[in-house]
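Input: a single structure, listed below in structure tokens.
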Amino acid sequence: MTGKPTPEETGLLPRTLDVVFNSIDNKVDRCVFYPNGRNGFGIRSKVEAHLARKKAEMERLQVSNEIENRYMERRVVPGYNDNYVCAVFVSYVEIYNNYCYDLLEPKSILTKHDTRLDINNMVYVEGAQEIEVETSDEALELFCKGEFNIILSSLR
């Protein structure tokens with residue numbers, strides 16, 4: 001793609017992610033919350049969060065120019081509760097032939113994952129990566145990584 005796409009040419013996922021990130025004000029510093037692997041989260045101490053942030057900075061994906069130069073949705077959904085702080089985590093799983101595959105898995109061969117119920121009877125994929133993102137661009141970069149992993153797994 002060349003040039004900056006118009007709003008009409010931008011897909012649903014990029015625009016939705018933009019609205020989500022435009023609408024949340026009280027994002028907590030990266031690595032304060034962490035996924036507990038059971039569809040919930042834990043809270044790190046300041047020292048643990050600092051160390052986790054340093055590690056995450058070394059592992060952070062570079063955002064591609066194509067994503068950086070895309071049309072950015074400016075809309076905001078009103079009603080965010082300022083009494084809360086939040087962090088955004090993304091997962092990308094594929095359900096194929098009744099098996100779940102984590103498309104953000106760092107391994108080159110995708111492994112099967114089971115679904116489970118959490119304490120609130122909500123379904124989640126056991127062992128799926130939950131990666132913290134601070135921007136819609138970071139989330140889109142992970143989506144592209146997952147799409148690439150779909151292509152790679154179909155070639156095996």
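Okay, here's what the table says:
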read-out: Failed condition for ASN121, given (1) surrounded by 14 or more Cβ atoms within 10 Å (Cβ to Cβ); (2) at positive phi; value: (1)
read-out: Residue ID - surrounded by the fewest Cβ atoms within 10 Å (Cβ to Cβ), chosen from residues in region 48-71 that are closer than 16 Å to CYS31 by Cβ and modelled with pLDDT under 90; value: MET58
read-out: Residue in region 18-40 that is nearest to GLU126 (Cα to Cα), counting only those that are touching a helix residue (DSSP H, G or I) at 6+ places or on another chain (Cβ under 6 Å) and of a type outside the set (Val, Ile, Thr); value: CYS31
read-out: Restricting region 79-95 to residues that are in a loop (DSSP other than H, G, I, E, B) and without any contact (Cβ under 8 Å) to a residue 12 or more places away in the chain, the residue that is surrounded by the most Cβ atoms within 10 Å (Cβ to Cβ); value: ASN81
read-out: Flag if CYS100 is buried (at least 16 other Cβ atoms within 10 Å of the Cβ), on the phi > 0 side of the Ramachandran plot, out of contact with any Gly (no Cβ under 6 Å at 6 or more places or on another chain) and at pLDDT 90 or above; value: no
read-out: Residue list for region 115-156, filter: among the β-branched types (Val, Ile, Thr), out of contact with any strand residue (DSSP E or B) (no Cβ under 7 Å at 6 or more places or on another chain) and modelled with pLDDT under 90; value: ILE151
read-out: Condition met for ARG15 (surrounded by 13 or more Cβ atoms within 10 Å (Cβ to Cβ), over 26 Å from GLU126 (Cα atoms) and at pLDDT 90 or above); value: yes
read-out: Selection from region 107-156 of residues that are under 22 Å from LEU17 (Cβ atoms), acidic (Asp, Glu) and more than 11 Å from the chain's Cα centre (by Cα); value: GLU147
read-out: Subset of region 96-126 (residues that are out of contact with any Cys (no Cβ under 6 Å at 6 or more places or on another chain), part of a strand (DSSP E or B), within 19 Å of GLU147 (Cα to Cα) and without any contact (Cβ under 8 Å) to a residue 24 or more places away in the chain); value: TYR96, TYR99, LYS112
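The values are calculated or read from the model by the stated rules, or taken from the named source; none is laboratory data. Because the structure is a prediction, the values reported are computed rather than measured. All Cβ positions, even for glycine, are placed from backbone atoms using ideal geometry, and neighbour counts span all protein chains on display.
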